[in-house]
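Notes for the one structure printed next.
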Amino acid sequence: MSTWKNLERGFTVWLTGPSGAGKTTLASALEKELKESGYRVEILDGDILRRTLYPDLGFSREAREMHNRIVIHMAKLLSRNGIIAIVSLISPYKAIREYARKEIRNFIEVYVYAPLEVRIQRDPKGLYKKAMRGEIRGLTGYNGVYEEPENPEVVVDTSKMTPEEEAEEVLRKARELGFLP
């Protein structure tokens, strides 16, 4: 019998960090661990949601904030209905992350960190190459704004940890906060 039936609330794990830091990889590792334990989980991946819901939105501060507010609302709905929402979203501005924290009752902010040279080496979308060639400007965490979290519940350095170790750090914090038994 799943322990989920004894848990009345969901929660949100908010993964923030620049492109290539490892948010998607950590989200997948968390989802795997939680589903294997019988929990209901949804990943809200910023790239997938943007591509699916509004592909022409753009990347101005206003557009990013609107995108983040939509994801915040989705995560809030999921978590208040007993589902664990894993948000994988750059969310470069402290103010919008604080808004998420206020809106979502059960919230864990995870700063997914990797040094710039590691992110450039990974470059899963080719964004750093384009930024270095001058083809795109304002790449978050390169030549664009990324305001690092000041007091996240968890910090993972993906250049030094495996995805499984990172996931265990997040799950340990969820247990410590009483979100998981």
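The values are calculated or read from the model by the stated rules, or taken from the named source; none is laboratory data. Every value quoted in this text rests on a predicted model; they were computed, and no experiment measured them. Cβ sites come from the backbone with ideal geometry, for glycine too, and all protein chains shown count toward neighbours. Only protein heavy atoms, including side chains, enter the accessible area calculation; ligands, DNA and RNA are left aside. Shrake-Rupley method; radii C 1.70, N 1.55, O 1.52, S 1.80 Å.
For segment 149-168, the criterion of a residue being more than 14 Å from Lys23 (Cα to Cα), part of a helix (DSSP H, G or I) and not small (Gly, Ala, Ser) is satisfied by at least one position.
The combined condition, being more than 23 Å from Ile83 (Cα to Cα), modelled with pLDDT of 95 or more and not in a loop (DSSP other than H, G, I, E, B), is fulfilled by Glu117. Scanning segment 60-75 for residues that are within 22 Å of Glu147 (Cβ to Cβ) and either in contact with a helix residue (DSSP H, G or I) (Cβ under 9 Å, 6 or more places away or on another chain) or open to solvent by less than 40 Å² (accessible area, probe 1.4 Å) (or both) turns up Ala63, Arg64, Glu65, His67, Asn68, Arg69, Ile70, Val71, Ile72, His73, Ala75.
Can you spot a residue in segment 119-129 that is loosely packed, with under 15 Cβ neighbours inside 10 Å, in contact with a strand residue (DSSP E or B) (Cβ under 8 Å, 6 or more places away or on another chain) and free of Cβ contacts under 8 Å to residues at least 12 places away in the same chain? So far as segment 119-129 goes, no, none of its residues is loosely packed, with under 15 Cβ neighbours inside 10 Å, in contact with a strand residue (DSSP E or B) (Cβ under 8 Å, 6 or more places away or on another chain) and free of Cβ contacts under 8 Å to residues at least 12 places away in the same chain. For Tyr128, are the conditions met, namely being hydroxyl-bearing (Ser, Thr, Tyr) and at pLDDT below 95? Judged against the criteria, Tyr128 is a match. A count restricted to segment 12-24 and to residues that are in contact with a strand residue (DSSP E or B) (Cβ under 9 Å, 6 or more places away or on another chain) and either assigned to a loop (DSSP other than H, G, I, E, B) or surrounded by fewer than 24 Cβ atoms within 10 Å (Cβ to Cβ) (or both) stands at 6. Checking Ala100, Ala85 one by one, the residue that is open to solvent by less than 40 Å² (accessible area, probe 1.4 Å), touching a strand residue (DSSP E or B) at 6+ places or on another chain (Cβ under 9 Å), of a type outside the set (Phe, Trp, Tyr) and in a helix (DSSP H, G or I) is Ala100 and no other. Going through (1) under 27 Å from Arg137 (Cβ atoms); (2) among the aliphatic types (A, V, I, L, M); (3) at pLDDT 95 or above one by one, Ala85 falls short only on (1). If you go through segment 35-56 and pick out every residue that is more than 15 Å from the chain's Cα centre (by Cα), of a type in the set (A, V, I, L, M, F, W, C) and surrounded by 14 or more Cβ atoms within 10 Å (Cβ to Cβ), you end up with 0.
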